[in-house]
Amino acid sequence: MAVRIQSIARGVDLLEAMADGQWHLLRDLARKVGLAKTTTFNLVTALAQTGLAEHDPSVGAYRLGLRLVEYGRAVERRLDLVEPLRPVLTTLCADSNETVNLAVPRALDVLIVESLEGRQNVRVTSYAGTRAAYHCTAVGRAILAHKPPAERQALLAMKLSAPTRHTVTDPVALEAMLERVRGDGYALEQQENEEGASCVAVPVLGEGGRVVGAVSIAGPAGRMDAPRVAQLASLLRRRLAVPVRQAA
């Protein structure tokens, strides 16, 4: 464990050394962080392989990678959405007495940025800070349904995971589901991401009608029958009918 923590700390030091956004030679990075060139090379190569750094092999130089922009934007969206939606999320949790989640889109999945648990003895656990797949979660489908067709099709063409025996991974079937999401105004997932849990979600609209996230209500599958889903979907649509005004 200590070795892993040390490696992470050294990786952060390297990112700090490249914080000006310029290209840096390997020897200069090694000097800045006080490590041997071989150690520095191994660490910065790992950063480049994950997109956190870029490598110019012609001169052996490195700079910060565009993956950091994605992370930065995810944090910005979290800060922009959580505060204005917090009263809505609190009300939804109280009205439904179930777990409520707020998610924002990422490049290949969605990020749960806020989660409130209901007071039921049997309830779905909150997952704030975790990532969720587009194809097999209600929040993912609520967002994916409103992405541009080319982007949506590219995501569905990827190898899709099957967390449970109920998970739908066929792109044609999923596209039909997403069409229903656009028509119904809400997305549904029944034990496809987690056995015993079901979820209903609606998209969160920003200014101009752009989808900037999704809010879901999740509960044990035994409580999420058709009448309950219809009730929760209606509740979500009412509470999130007004576009969210995000910080400039």
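Take the residues of the stretch 148-178 that are farther than 18 Å from GLU195 by Cβ and touching a residue at least 24 places away in the same chain (Cβ under 8 Å): which is surrounded by the fewest Cβ atoms within 10 Å (Cβ to Cβ)?
Residues of the stretch 148-178 farther than 18 Å from GLU195 by Cβ: 148-159, 170-178.
Still in the list and also touching a residue at least 24 places away in the same chain (Cβ under 8 Å): 152, 155, 158, 174, 177-178.
Details: ARG152: 19, LEU155: 20, MET158: 11, LEU174: 21, MET177: 18, LEU178: 21.
Ranking the candidates gives MET158 first.
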Worksheet item: Given the residues ASP28, ASP80, which is the only one that is part of a helix (DSSP H, G or I) and modelled with pLDDT under 85?
Response: ASP80
Discussion item. For the stretch 179-207, which positions are surrounded by fewer than 16 Cβ atoms within 10 Å (Cβ to Cβ), under 21 Å from the mean Cα position of the chain (by Cα) and of a type in the set (Asp, Glu)?
Written reply: GLU195, GLU207
Worksheet item: Any chance the stretch 208-216 includes a residue that's closer than 25 Å to ALA94 by Cα, buried (at least 19 other Cβ atoms within 10 Å of the Cβ) and either among the hydroxyl-bearing types (Ser, Thr, Tyr) or in contact with a Phe, Trp or Tyr (Cβ under 8 Å, 6 or more places away or on another chain) (or both)?
Response: yes
Item to complete: Answer yes if at least one residue in the stretch 136-147 is loosely packed, with under 14 Cβ neighbours inside 10 Å and either modelled with pLDDT under 95 or more than 20 Å from the chain's Cα centre (by Cα) (or both), and no otherwise.
Response: no
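Restricting to the stretch 9-56, and then to whatever is of a type in the set (Val, Ile, Thr) and without any contact (Cβ under 8 Å) to a residue 24 or more places away in the chain, can you tell me which residue is farthest from GLU70 (Cα to Cα)? Give the steps one after another, and end with the answer.
Step one: list which residues in the stretch 9-56 are of a type in the set (Val, Ile, Thr), which gives 12, 33, 38-40, 44-45, 50.
Keeping just the survivors that are without any contact (Cβ under 8 Å) to a residue 24 or more places away in the chain gives 12, 33, 38, 45, 50.
Numbers: VAL12: 17, VAL33: 25, THR38: 29, THR45: 20, THR50: 12 Å.
The extreme case among them is THR38.
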Worksheet item: Under the condition of being more than 18 Å from LEU89 (Cα to Cα) and out of contact with any Asp or Glu (no Cβ under 7 Å at 6 or more places or on another chain), which residue from the stretch 111-135 is modelled with the highest pLDDT?
Response: HIS135
Response to the item:
The condition of being within 23 Å of THR130 (Cα to Cα) and among the hydrophobic types (A, V, I, L, M, F, W, C) holds, among LEU26, LEU66, only for LEU66
Worksheet item: Among all residue pairs at least 6 apart or on different chains, which show Cβ distances below 7 Å where the first residue, located in the stretch 80-101, is within 19 Å of GLY129 (Cβ to Cβ) and the second is of a type in the set (D, E, K, R) and not in a helix (DSSP H, G or I)?
Response: VAL82/GLU114; LEU89/GLU114; THR99/GLU117; THR99/ARG123
Fill in: Subset of the stretch 55-66 that is under 19 Å from SER7 (Cα atoms) and not hydrophobic (A, V, I, L, M, F, W, C) - its residue that is surrounded by the most Cβ atoms within 10 Å (Cβ to Cβ)
TYR62
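The values are calculated or read from the model by the stated rules, or taken from the named source; none is laboratory data. This structure is a prediction, so every number in the text was calculated from the model and none was measured. Cβ atoms come from the backbone with ideal geometry, glycine included; neighbour counts cover every protein chain shown.
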